[in-house]
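The values are calculated or read from the model by the stated rules, or taken from the named source; none is laboratory data. Since we're looking at a predicted model, the values are computed, not measured. We place every Cβ from the backbone using ideal geometry, glycine too, and count neighbours over all the protein chains shown.
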Amino acid sequence: MVDTSAVYALLDQSDKRYGEAKHLLDRLRGSSTPILLTNFLVAECHALIAGRLGPGLGRAWLRGLVWPVERVTEGDEHRAREIILTYEDKSFSYTDATTFALMERLNICTAFAFDFHFVQFGFRLLRD
């Protein structure tokens, strides 16, 4: 699962994780590991890219998006609400929680992300 934090790091050369993100993406491309986004992550990525790097880059990113997109289901959204209401000591966003629910549903345990919320919820982050 690819998170917004990784997508953004790949596009913003001034991001402190740009080099690491490029390296990890190269490693993913050289493996048989599928790369996946959710439709909620696509919306979040586009908003962040367009807002911080400009609407032209936001459109270019959407136009060039080649990774498969898995749709968040109604069941995932129900589980996301449960996650947010259960983990009162955490600041998970709704997008985070829907991603966690989808990852649970698809038995995905590793995220290409720089967002520590994935670790807080019990997932592994892709690292060198």
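If you go through the stretch 23-78 and keep only what is over 14 Å from VAL7 (Cα atoms) and surrounded by 15 or more Cβ atoms within 10 Å (Cβ to Cβ), you end up with GLU70, VAL72, ASP76, GLU77. Checked against (1) aliphatic (A, V, I, L, M); (2) closer than 20 Å to GLU104 by Cβ; (3) at pLDDT below 95, ALA80 passes all but condition (3). Of all residues in the stretch 9-17, one or more are buried (at least 22 other Cβ atoms within 10 Å of the Cβ), touching a residue at least 24 places away in the same chain (Cβ under 8 Å), closer than 23 Å to ILE108 by Cα and not basic (Lys, Arg).
Of all residues in the stretch 74-92, exactly one satisfies the criterion of being in contact with a Ser or Thr (Cβ under 9 Å, 6 or more places away or on another chain) and either part of a loop (DSSP other than H, G, I, E, B) or among the small types (Gly, Ala, Ser) (or both), namely ALA80. When THR110 is tested against (1) among the β-branched types (Val, Ile, Thr); (2) touching a residue at least 24 places away in the same chain (Cβ under 8 Å); (3) within 25 Å of GLU20 (Cβ to Cβ); (4) out of contact with any Lys or Arg (no Cβ under 6 Å at 6 or more places or on another chain), just one condition goes unmet, and that condition is (4).
Among residues belonging to the stretch 93-128 that are assigned to a helix (DSSP H, G or I) and polar (S, T, N, Q), point out the one that is nearest to ARG29 (Cα to Cα). Show your work before the answer.
Quick first cut of the stretch 93-128, residues assigned to a helix (DSSP H, G or I) only: 94-105, 117-121.
Subset that is polar (S, T, N, Q): 95, 98-99, 120.
Details: THR95: 25, THR98: 25, THR99: 22, GLN120: 27 Å.
Top of the filtered list is THR99.
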